[in-house]
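This report refers to the structure that appears directly beneath it.
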Amino acid sequence: MSKTLKKKKHWSTKVQESAVSWGGSGELAAVLEVRGGAELGEFPHLGHVASEAMVVHAGRFPCGGDVLLEVNGTPLVVMLRVSRLLRSV
């Protein structure tokens, strides 16, 4: 008796691109909390997002729990220190 395997959709079918800005007043860390990272054995993902301070130019508004794959075209999977890259934005 073999069971039929249920085919799951690949995670890449759920990828959504967003282009956002925060007005440049203050640091990005005050508007967007980034958690996880390679040093913790996790993908970098969003924590708290201050929606009142951000403007969405394309895509949907990012929310807590969203996984970050790229920042300004740089893949984060190869980055050990995501916070260093985000400080330079």
Suppose the chain between Leu5 and Ala50 were pulled fully straight at 0.36 nm per residue; how much longer would it get relative to their current alpha carbon spacing? 12.0 nm
Return the sequence-ordered ³J(HN,Hα) values of the stretch 8-21 in whole Hz as given by the Karplus equation 6.51 cos²θ - 1.76 cosθ + 1.60 applied to θ = phi - 60°, using x for Gly and Pro. 9, 6, 5, 4, 5, 6, 9, 5, 10, 8, 10, 10, 10, 9
In order over the stretch 32-49: 3J(HN,Hα) from phi, Karplus 6.51/-1.76/1.60, θ = phi - 60°, whole Hz, x for each Gly or Pro, gives 9, 9, 9, 10, x, x, 4, 5, 9, x, 10, 6, x, 9, 7, x, 6, 10
Report, by chain and number, residues whose modeled amide H sits under 5 Å from the one on Gly37, excluding near sequence neighbours (fewer than 5 apart, same chain). Glu42, Phe43, His45
Net charge around Val20, counting only other residues with Cβ within less than 12 Å of its Cβ (Lys, Arg = +1; Asp, Glu = -1)? -1
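The numbers here are math on the coordinates, done by the rules we state, and not lab data. No experiment lies behind these values; they were computed from the predicted model shown. Here Cβ is always computed from backbone atoms with ideal geometry, including for glycine, and neighbour counts include all displayed protein chains.
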